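What follows is one structure encoded as structure tokens, with my remarks underneath.
The values are calculated or read from the model by the stated rules, or taken from the named source; none is laboratory data. Model, not experiment: these values are computed from the prediction. As a convention, Cβ positions derive from the backbone with ideal geometry for all residues, glycine included, and neighbour counts pool all protein chains shown. Note: areas computed on protein heavy atoms with side chains; ligands, DNA, RNA excluded. Shrake-Rupley method; radii C 1.70, N 1.55, O 1.52, S 1.80 Å.
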Amino acid sequence: MATFEELKTNAIKVFGNFGAWVFDEWKKLNDTFFYGENIVGEIIWGSTPQDRSLGYYSPDKNFIVLHKTLMRPVYPTSDLTWKLRHLNKRKVSDVLLHEMIHQRVHQIGGWEGENCHNNGQFVNEVNRIAKLLDIDIKAKVIQWKTIHGKTTPSVEPGCLNPEELSNFPYSSRSRNYYYEQS
Ligand SMILES: [Zn+2]
């Protein structure tokens, strides 16, 4: 199995500064939110299945994909070359954090439930991390109910709906969070 340094070196070869940054960020998030326990794998900038999401985690191969559109500038820039300093680091960091929750859930035994978001293991991680981020939300496994032939999610008051759960933490950030660059 490749070490962190080997994977990072490889990422730098392919993605330059972006590769270096993303591995350093992964390590920071691992120490801050996952007790340094996540086992590192490849992290690439590319396409996600059907381009449906900003990130993707493959449990079989333990690799994380960050959608290549995340590399694009938020605002038009006259720079001819797109540089790391233009990257919306808060946004990418949140996408990475989301994929790292999948990574952790998989590495501590996997999940059982409706899908990779709506299950007890993922929900527990969301609640744990929301506290650490000081985000005031609550997640619960969502049941579905059918009334007059229509199936709708039964979301308890004050809890994340399916959409928000699938997009934690970016669904739960304050409006301006991604535009106040730190
Ligand atoms: Zn996900």
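Projected onto its three principal axes, the C-alpha set of the stretch 1-110 covers 47, 29, 23 Å, listed from the longest axis down.
The simple Förster model, with R0 at 25 Å and r as the Cβ-Cβ distance, assigns residue 127 and residue 147 a FRET efficiency of 0.35. Per residue, the solvent-accessible area of the stretch 1-110 (1.4 Å probe, heavy atoms of protein chains only, all protein chains present) comes to 54 Å².
In percent, rounded to a whole number, the relative contact order of the stretch 110-182 is 24, using alpha-carbon pairs under 8 Å and six or more apart. Straight-line cross-link reach from residue 83 at under 25 Å between alpha-carbon atoms covers these lysines, not counting any fewer than eight positions away in the same chain: 8, 13, 27, 28, 68, 91. Rolling a 1.4 angstrom probe over the protein heavy atoms with all chains in place gives the stretch 119-182 an accessible area of 65 Å² per residue.
What is the magnitude of the charge dipole of the stretch 56-182 about its Cα centre, with +1 placed on the Cβ of each Lys and Arg, -1 on the Cβ of each Asp and Glu, and no other charges, expressed in debye to the nearest 20? Walk me through the numbers before you get to the answer.
Details: 17 positive and 13 negative charges, 72 e Å.
That gives a dipole near 340 debye.
Can you give the Kirkwood hydrodynamic radius of the stretch 63-182 from its Cα pairs, in Å with one decimal?
Values: mean 1/r = 0.0617 Å⁻¹.
About 16.2 Å, per the Kirkwood formula over Cα pairs.
Its DSSP H runs of at least 4 residues, each contributing -39,500 (n - 2.57), put the calculated 222 nm mean residue ellipticity of the chain at -12000 deg cm²/dmol, to the nearest 500. A simple rule links phi to the HN-Hα coupling: the Karplus curve 6.51 cos²θ - 1.76 cosθ + 1.60 with θ = phi - 60°, which for the stretch 156-172 gives 5, x, x, 9, 5, 7, x, 4, 5, 5, 6, 10, 6, x, 5, 5, 10 Hz, with x for Gly and Pro. Relative contact order, whole percent, for the chain stands at 15, derived from Cα pairs under 8 Å and 6 or more residues apart. Protection proxy ranking of 142-149, 166-173, 154-161, by the mean of other Cβ atoms within 10 Å over each peptide's residues and highest first, is 166-173, 154-161, 142-149. Note on the stretch 119-182: Kirkwood radius taken over Cα pairs, Stokes-Einstein applied at 37 °C and 0.692 mPa s, translational D equal to 253 µm² s⁻¹. Relative to one another, the C-alpha centroids of the stretch 163-177 and the stretch 1-45 are positioned 24 Å apart.
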